[in-house]
Every structure is written in C-alpha cells, then in structure tokens.
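Data first, discussion second: the structure below is written as structure tokens.
The values are calculated or read from the model by the stated rules, or taken from the named source; none is laboratory data. Bear in mind the structure is a predicted one, so any value in this text is a computation, not a measurement. FYI the Cβ positions are ideal-geometry reconstructions off the backbone, even for glycines, and counts take in every protein chain you see.
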Amino acid sequence: MRFNGLRWPLLLAVSISAAWGGDKDKSRFEVKAAGAYPHHQTSEKITIAAEPMETDEQAHEAFGKVNPYRYGVLPVLLVIQNDGPDAIKVDHIKLIYSLPDGSRIEATPAQDVRFIHGTQAPNRLPGPAGGITIKRTPKNPLAEWEIEGRAFAAKMVPAGQSASGFVYFQLEHSSAAASVYISGLEDPVSGKELYFFEIPMSGR
C-alpha cells in the first residue's frame, strides 16, 4: 500500500488548493493539528477532528461577518491527520450528524448550501412612464465565497500529512449529546473501506 515515486502529495496539494482557492487575498484561516481540537478521535494512527462552529466568535475567523448557523446551517471543521505509513483515500467520505433522539442528518454538499432557502427572483416594481424598475433582492448570506471555498475537498491524504475543510449540516438546534459519524475512508489500492469514526460533541 506504499506509494513510493507516485504523486499523491501533489494530488493532495491540488485538492487543498482547490478547497482554499478563494482564500487568496482574503483573511487567512489557520487550522491546527487534529489532536489539538477537543472533539477528535484516533484509530490506527489516523486522527480525525470534527469541530462545530456555532457562535459568532467561532465562525468569524472562517466566515467573516456571516455565521451560517444563524441561517440553519452548522459548519463543522473536519481535520484528517494521517500518521500511518500508508495513504488513505477520502473522496467517498460520508458524514452524518447524529442527534440523541435518533435523528441522523447527512452533510449537505458545499455547492448546495447557497440554495438551502431557495432562490428569489428580483422584485419588479412599476417604473416611470409605464416602465419596470427592478429592485435588487437582499444578498444571500449563504452565498459568500467562504462557504464553498473553505469546504473539505481533499481526495487523498498521504502518509504523514493532513487535510482539512468544512462540512455543513442543516439543523435548527445542535446538541452537546450529538456525535458526528464518519465513514468511507478507503485503501486506495484495493478500494476496501478502512475504518469508521464516531466523534461525540461532548468532548474526547
């Protein structure tokens, strides 16, 4: 399962560049090592952190003036750190936010977040001399570049490296008793699924 001589590090760099591409000339968002976050789990030398961003203070560094959670979308920072000897494939990763009442909420693709509350056509008002004046609709806060630009988009995590980005869950209320269920990590040679993680939001 070694990848000596192949270009997985380059592939990961391209994925990360795509994920944070909109970050150029914008505010920087610093990501810590997975083990530095309170909500993390380690299995077979792979550490995954799932850090929810609920408050305005938490969301500010990543999303500026917009806190997606105020609009019914909980951003969760996902950090996958691979300290094992082999690469892992993460392009089929699945994430579910599991509430204590048994509700299970699948992550919403980042490109779909802006459409959660639907699209609204411009308001058309009568204008001078029978013409029509188009009133500009309010800006969609969930269409800010950070939502998709800082989403998790890695395809592969080479040995000794990490990948990070945001995933999004549509929910009105989070819970400290909830957990984030993560599956779909694969062996890039055999395609066999490796492990699953269930990270409680109540702590380690």
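Being at pLDDT below 95, under 23 Å from Ser175 (Cα atoms) and either touching a Cys at 6+ places or on another chain (Cβ under 8 Å) or of a type in the set (Asp, Glu) (or both) is a property that does not hold for Asp86.
Only strands (runs of 3 or more DSSP E) whose full extent lies in region 104-159 are considered here, and the ones with at least 1 residues that are at pLDDT 90 or above and in contact with a Ser or Thr (Cβ under 9 Å, 6 or more places away or on another chain) are 104-106. Checking each residue in region 160-173 for being modelled with pLDDT under 95 and in contact with a Phe, Trp or Tyr (Cβ under 8 Å, 6 or more places away or on another chain) picks out only Leu171. Tally time: how many residues in region 34-62 are under 15 Å from the mean Cα position of the chain (by Cα), assigned to a loop (DSSP other than H, G, I, E, B) and among the acidic types (Asp, Glu)? Result for region 34-62: 1.
For region 39-92, a residue qualifies if it is surrounded by fewer than 20 Cβ atoms within 10 Å (Cβ to Cβ), acidic (Asp, Glu) and touching a residue at least 24 places away in the same chain (Cβ under 8 Å), and the qualifying residues are Glu44, Glu54, Glu61, Asp83, Asp86, Asp91. Scanning region 153-179 for residues that are within 17 Å of the chain's Cα centre (by Cα) and farther than 19 Å from Lys45 by Cα yields Ala153, Gly165, Phe166, Val167, Tyr168, Phe169, Gln170, Leu171, Ser174, Ser179.
For region 69-81, filtering for residues that are over 22 Å from Pro200 (Cβ atoms) and modelled with pLDDT of 95 or more leaves 0. Screening Tyr181 on (1) part of a loop (DSSP other than H, G, I, E, B); (2) surrounded by fewer than 21 Cβ atoms within 10 Å (Cβ to Cβ) shows it passes everything except condition (1). Is there a residue being touching a Lys or Arg at 6+ places or on another chain (Cβ under 8 Å), surrounded by 12 or more Cβ atoms within 10 Å (Cβ to Cβ), within 21 Å of Leu171 (Cβ to Cβ) and polar (S, T, N, Q) anywhere in region 96-106? Within region 96-106, one or more residues are touching a Lys or Arg at 6+ places or on another chain (Cβ under 8 Å), surrounded by 12 or more Cβ atoms within 10 Å (Cβ to Cβ), within 21 Å of Leu171 (Cβ to Cβ) and polar (S, T, N, Q).
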